[in-house]
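Worksheet: one structure, shown below.
The values are calculated or read from the model by the stated rules, or taken from the named source; none is laboratory data. Computed from a predicted structure; not experimentally measured. Note that each Cβ is placed from the backbone with ideal geometry, even for glycine, and that neighbours are counted across all protein chains shown.
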Amino acid sequence: TPRAGRQCPACGGPTLELESQRELLLHLAKRSILDKLHLSQRPTLNRPVSRAALRTALQRLHGVPQGALPEDNREQECEIISFAETDSTSAYSSLLTFHLSTPRSHHLYHARLWLHMLPTLPGTLCLRIFRWGPRRRHQRSRTLLAEHHITNLGWHALTLPSSGLRGEKSGVLKLQLDCRPLEGNNSTVTGQPRRLLDTAGHQQPFLELKIRANEPGAGRARRR
Amino acid sequence: TPTCEPATPLCCRRDHYVDFQELGWQDWILQPEGYQLNYCSGQCPPHLAGSPGIAASFHSAVFSLLKANNPWPASTSCCVPTARRPLSLLYLDHNGNVVKTDVPDMVVEACGCS
């Protein structure tokens with residue numbers, strides 16, 4: 001940008017002083033990054049994520065094959081990892097809260113919930129994932145998103161229907177996890193029930209979302 | 001486009017690395033730790049105008065002919081980026097979510113005279 005009474009250095013004007021040049025470049029770098037991330041200012045972090053949780057999440061994601069998307073669309077895509085806050089958890093049920101801020105112009109097309117299952121019940125378990133709706137007349141509605149059968153302990157990446165997660169304007173997404181022994185699993189529970197999930201430390205549950213700037217083919221669907 | 005030598009007066013690419021720690025942003029940008037901003041600077045005398053950035057079209061050929069026959073003031077030709085590439089960023093948003101995105105046109109790869 002030409003300054004008052006000066007020419008742009010790139011257009012044959014005099015070169016800036018070294019210190020002014022450095023300041024200008026840092027300012028340009030800041031402006032450029034914020035503009036391209038559609039941010040008015042740098043995020044203020046109220047809830048810092050622990051480095052251990054972050055490291056685990058990234059390690060889990062590493063090596064996951066990318067979707068077979070055209071190269072052209074790559075630069076319009078974002079991947080988001082959102083760590084869960086756990087409101088309550090027991091041997092059979094957990095309520096996870098996610099704070100999301102996906103731009104409205106973006107389209108959610110892939111969602112997976114990553115859980116680290118603890119040895120709660122023996123045998124195969126049936127895990128049902130519900131999405132909680134807004135509170136109405138002191139009651140919340142809930143919608144079944146997915147049902148998975150879990151046999152092994154440890155980390156699981158559970159695919160959720162992306163259509164079931166869209167349209168959350170408040171930016172808060174609540175998922176309830178209900179776990180029961182699968183029919184035919186006659187194992188009995190003895191002793192004190194243990195928790196279903198490890199919800200702290202480096203085994204904190206997280207949601208992996210993929211979004212892109214617009215939905216290819218949306219216009220065609222409308223025309224039909 | 002040549003990378004600038006210390007005494008290069010002509011349009012060239014100057015390599016410049018921005019460290020996010022220098023910006024005080026290392027707490028919310030997780031990866032990378034910095035990036036090659038790079039920028040273009042230097043003189044664009046009339047014989048270099050229109051190259052190499054826009055030299056490949058009929059329009060630019062006419063433009064160059066006009067310049068050659070009727071030289072424009074030096075200030076109308078600028079040393080500008082002609083090729084850029086994207087940068088992958090991993091950052092924390094306002095809610096503490098980790099976001100990975102490919103930001104287009106972040107790194108200047110080549111410069112030319114407009």
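If you take the residues of the range A:195-206 that are among the hydrophobic types (A, V, I, L, M, F, W, C) and buried (at least 22 other Cβ atoms within 10 Å of the Cβ), which of them is modelled with the lowest pLDDT?
A:Leu196
Given the criteria at pLDDT below 75 and over 9 Å from B:Cys113 (Cβ atoms), does B:Ala68 qualify?
yes
Any residue at all in the range A:57-70 that is at the interface with another protein chain (Cβ under 7 Å from one of its Cβ atoms), within 15 Å of the chain's Cα centre (by Cα), at pLDDT below 75 and outside any strand (DSSP E or B)?
Scanning the range A:57-70, I find no residue that is at the interface with another protein chain (Cβ under 7 Å from one of its Cβ atoms), within 15 Å of the chain's Cα centre (by Cα), at pLDDT below 75 and outside any strand (DSSP E or B), so the answer is no.
Need the failing condition index for A:Thr15 against (1) modelled with pLDDT of 85 or more; (2) under 21 Å from B:Val108 (Cβ atoms), just the number.
Single failed check for A:Thr15: (1).
In the range B:1-63, which strands (runs of 3 or more DSSP E) lie fully inside it and hold 1 or more residues that are more than 11 Å from chain A (Cβ to nearest Cβ), at pLDDT 75 or above and at negative phi?
So the answer is B:12-14.
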